Amino acid sequence: MTAIAPSPLASTDLPDAPAVVGTGLRVPLVTGGSAEYANLDHAASAPCLEAVREAVEQALPRYASVHRGAGLHSQISTDAYERARASVARFVGAGEEDTVVFVRGTTDALNLLARCLPRGTTVVLFAGEHHASLLPWEHEGSRAGEVVRLPLPGGPEEAVEAARAALRAARPGPRLLCVTAASNVTGEVWPIEELALVAREEGARVVVDAAQLVPHRPFDLAACGADYVAFSGHKLYAPFGCGVLAGRADWLRAADPYLAGGGATANVTDAGVVWSDLPDRHEAGSPNVIGAVALAAACEALTEAGWEHLRLREELLLGRLRDGLAGISAVTELALWGTGWPRVAITSFVVEGVAGDLLAAALSAEYGIGVRDGLFCAHPLTRALLPEGHGRAVRASIGLGTTPEHVDRLVHAVAELVAEGPRWTYGREEGRIVPVPDLRLHE
């Protein structure tokens, strides 16, 4: 069937957004010709902001190892690294008593926290967490004593009450509630303020996986009542291998270093080691200076652009995409709490009669559209939401470089593939559906 054409929406109708690297790049199509690449896979990794590229280019000529060098470039890089830490602290509303530790990403941050818990801590979380926040607590090296996985709640109020009951029933000792701020599968925003309030009332702490929230909404540790926040630069338009764990210092200060090595040490003798204080304690080795500079530049660019404008832009595009897909009867959108619950710019769906991996391959090869298919590193949640007969979903995620034409092209392509099927032949190669032959490789 053909999707109902939405009312016209031009890029000029949208609020301005920070520029991203690669805007307007074209990709070859297997059917011939080319198309402007429609990147609708921002939830996996967002492209680099122009402001981030400029910050990196400015830092590179004087790049050097930080903290321990007497040379001018080392001093300049150290200053840039610590200024980046201060920028990130402002971005997440960290207080003077909090710490900001640079890590590789959200997964690294939550594994770090898992190893810094007071021994025997009870960790409470929901089954719908991303693997980054679902798995570290039971992995080797975690100091958690018990992990309580709560079933998927039927609504936000049910989530709050389930968390309260689990924290209240936990055995005596430290307790930590782990919460995803926004689902990477459905985009639905969780009630983190209400959950943090319940945790405080029960004497527990809260860590927020904000990887999918901070590219779309402001986050403030103090305002929401959370104790820790973790997120990744590569989802925040700073794809340079840096992430953050920010929050209360005491558990991190009391724990042995996440990694043992230079930088984490204040003194090493034959008699033993004196470990550094925070944040150096958990940043052993040569830190990712460029990644930190990039991450801070992204934080500053998004803040300067204004969250109200960015949110309005996103909501216009997301509403257009979801309305367009809803007009195709073969499409079913995945949702935990119903299609009306607030969400960031992510939607996952299945198409009756077209397998998810084939759909994603055809969208790329024939239409120049990048989406994600699979279970999105949130296997329990995605499987619970999939309609019977479907083993994987397709996810479209909007970002700063998305245009109305990208959205309309996706809706048109899905409708066309439902009605007519792919125009090319496809086969399986190393577990993936690929066009056969793939003429793009010879462009």
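The values are calculated or read from the model by the stated rules, or taken from the named source; none is laboratory data. Here the structure is a predicted model, which is why all the values come from computation and not from measurement. In this analysis, Cβ positions are derived from the backbone assuming ideal geometry, glycine residues included, and neighbour counts consider all displayed protein chains.
Let me confirm something: among Pro156, Pro118, which residue is under 26 Å from Trp341 (Cβ atoms) and either at pLDDT 95 or above or surrounded by fewer than 17 Cβ atoms within 10 Å (Cβ to Cβ) (or both)? Even if it seems obvious, please write down each step before you answer.
Details: Pro118 fails: under 26 Å from Trp341 (Cβ atoms).
Exactly one residue qualifies, and that residue is Pro156.
Being closer than 30 Å to Gly368 by Cα, within 24 Å of the chain's Cα centre (by Cα) and not assigned by TED's automatic domain parsing to the domain that holds Glu314 narrows it down to one of Val56, Val101, Val92, so name that one.
Numbers: Val101 fails: closer than 30 Å to Gly368 by Cα; Val92 fails: closer than 30 Å to Gly368 by Cα.
Answer to the selection: Val56.
Kindly provide the set of residues from the stretch 376-411 that are acidic (Asp, Glu) and more than 25 Å from Leu49 (Cβ to Cβ), ordered by number. Even if it seems obvious, please write down each step before you answer.
Start the filter on the stretch 376-411 by keeping residues that are acidic (Asp, Glu), which leaves 388, 405, 408.
Glu388, the sole residue that qualifies.
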| said: If I ask for residues that are touching a Leu at 6+ places or on another chain (Cβ under 8 Å) and more than 30 Å from Gly22 (Cα to Cα), which ones from the stretch 381-409 would you list? | reply: Leu381, Thr382, Arg383, Ala384, Leu385, Leu386
| task | Kindly provide the set of residues from the stretch 168-204 that are at negative phi, in contact with a Lys or Arg (Cβ under 8 Å, 6 or more places away or on another chain) and surrounded by fewer than 21 Cβ atoms within 10 Å (Cβ to Cβ), ordered by number. | result | Pro174, Val189, Glu201, Glu202
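For the stretch 267-282, give me the residue count where each residue is in a loop (DSSP other than H, G, I, E, B) and of a type in the set (A, V, I, L, M, F, W, C). Explain how you work it out, then say what you get.
Within the stretch 267-282, the subset in a loop (DSSP other than H, G, I, E, B) is 270-271, 276-279.
Going one step further and asking which of them are of a type in the set (A, V, I, L, M, F, W, C), we end up with 271, 278.
Number satisfying all stated conditions: 2.
Based on this model, can you work out whether Arg205 counts as under 20 Å from Gly285 (Cα atoms) and among the charged types (D, E, K, R)?
Details: under 20 Å from Gly285 (Cα atoms): no; among the charged types (D, E, K, R): yes.
The answer is no for Arg205.
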| task | Within the stretch 400-421, count every residue that is in a loop (DSSP other than H, G, I, E, B) and surrounded by fewer than 20 Cβ atoms within 10 Å (Cβ to Cβ). | result | 2
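Would you check if there is a residue in the stretch 251-262 being within 22 Å of Ala80 (Cα to Cα), among the aliphatic types (A, V, I, L, M), in the same structural domain as Glu97 (by TED's automatic domain parsing) and surrounded by 14 or more Cβ atoms within 10 Å (Cβ to Cβ)? Reasoning before the result, please.
Within the stretch 251-262, the subset within 22 Å of Ala80 (Cα to Cα) is 262.
Okay, now just the ones that are also among the aliphatic types (A, V, I, L, M), so none.
Looking through the stretch 251-262, none of the residues is within 22 Å of Ala80 (Cα to Cα), among the aliphatic types (A, V, I, L, M), in the same structural domain as Glu97 (by TED's automatic domain parsing) and surrounded by 14 or more Cβ atoms within 10 Å (Cβ to Cβ).
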| remark: Across the stretch 417-443, the tally of residues that are touching a residue at least 60 places away in the same chain (Cβ under 8 Å) and among the hydroxyl-bearing types (Ser, Thr, Tyr) stands at 1
| query | Out of the residues in the stretch 337-354 that are crowded, with 17+ Cβ neighbours inside 10 Å and among the hydrophobic types (A, V, I, L, M, F, W, C), which is nearest to Arg217 (Cα to Cα)? | reply | Val344
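Could you tell me whether any residue of the stretch 47-65 is under 30 Å from Arg423 (Cβ atoms), of a type in the set (Phe, Trp, Tyr) and surrounded by 14 or more Cβ atoms within 10 Å (Cβ to Cβ)?
Taking the stretch 47-65 and keeping what is under 30 Å from Arg423 (Cβ atoms), we get 47.
Filter once more, keeping what is of a type in the set (Phe, Trp, Tyr): none.
Scanning the stretch 47-65 turns up no residue that is under 30 Å from Arg423 (Cβ atoms), of a type in the set (Phe, Trp, Tyr) and surrounded by 14 or more Cβ atoms within 10 Å (Cβ to Cβ).
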| request: Would you confirm whether any residue within the stretch 323-336 is of a type in the set (Val, Ile, Thr), touching an Asp or Glu at 6+ places or on another chain (Cβ under 7 Å) and crowded, with 18+ Cβ neighbours inside 10 Å? | output: no
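For a quick check of your reading: which strands (runs of 3 or more DSSP E) sit entirely within the stretch 173-259 and have at least 2 residues that are more than 20 Å from Val148 (Cα to Cα) and in contact with a strand residue (DSSP E or B) (Cβ under 8 Å, 6 or more places away or on another chain)? Write out each step before concluding.
Numbers: elements: 175-180, 205-209, 228-232, 243-248.
Per the criteria, 228-232, 243-248.
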| In the stretch 104-148, how many residues are within 23 Å of Glu283 (Cα to Cα) and not in a helix (DSSP H, G or I)? | 12
| task | Go through (1) free of Cβ contacts under 8 Å to residues at least 24 places away in the same chain; (2) more than 16 Å from Ala38 (Cα to Cα) one by one and return the number of the condition Arg311 breaks. | result | (1)
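Among the listed residues Arg322, Arg311, which satisfies the condition of being more than 19 Å from His130 (Cα to Cα) and in contact with a His (Cβ under 8 Å, 6 or more places away or on another chain)? Walk me through how you get there before you give the answer.
Values: Arg322 fails: in contact with a His (Cβ under 8 Å, 6 or more places away or on another chain).
It is Arg311.
Can you tell me how many residues within the stretch 39-91 are touching a Pro at 6+ places or on another chain (Cβ under 9 Å) and touching a residue at least 12 places away in the same chain (Cβ under 8 Å)? Can you show your working first?
To start, the set of residues in the stretch 39-91 that are touching a Pro at 6+ places or on another chain (Cβ under 9 Å) comprises 39, 42-43, 45-52, 65-67, 73, 81, 85, 91.
Restricting the remaining residues to those that are touching a residue at least 12 places away in the same chain (Cβ under 8 Å) gives 39, 42-43, 45-52, 65-67, 81, 85, 91.
Within the stretch 39-91, residues that are touching a Pro at 6+ places or on another chain (Cβ under 9 Å) and touching a residue at least 12 places away in the same chain (Cβ under 8 Å) number 17.
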| Residues in the stretch 86-114 that are more than 22 Å from Ala181 (Cα to Cα) and buried (at least 21 other Cβ atoms within 10 Å of the Cβ): how many? | 0
| note | Of the conditions (1) over 25 Å from the mean Cα position of the chain (by Cα); (2) within 30 Å of Arg281 (Cβ to Cβ); (3) not small (Gly, Ala, Ser), the single one that Val30 does not satisfy is (2)
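Matching residues to (1) among the polar types (S, T, N, Q); (2) in the same structural domain as Ala127 (by TED's automatic domain parsing); (3) closer than 21 Å to Ala86 by Cα:
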residue: Val179; (1), (2), (3): no, yes, no
residue: Ala199; (1), (2), (3): no, yes, no
residue: Gly203; (1), (2), (3): no, yes, no
residue: Gln212; (1), (2), (3): yes, yes, no
residue: Phe231; (1), (2), (3): no, yes, yes
residue: Lys235; (1), (2), (3): no, yes, yes
residue: Val244; (1), (2), (3): no, yes, yes
| query | Taking into account only those residues within the stretch 53-87 that are of a type in the set (A, V, I, L, M, F, W, C) and touching a Ser or Thr at 6+ places or on another chain (Cβ under 7 Å), which is nearest to Ala284 (Cα to Cα)? | reply | Val66
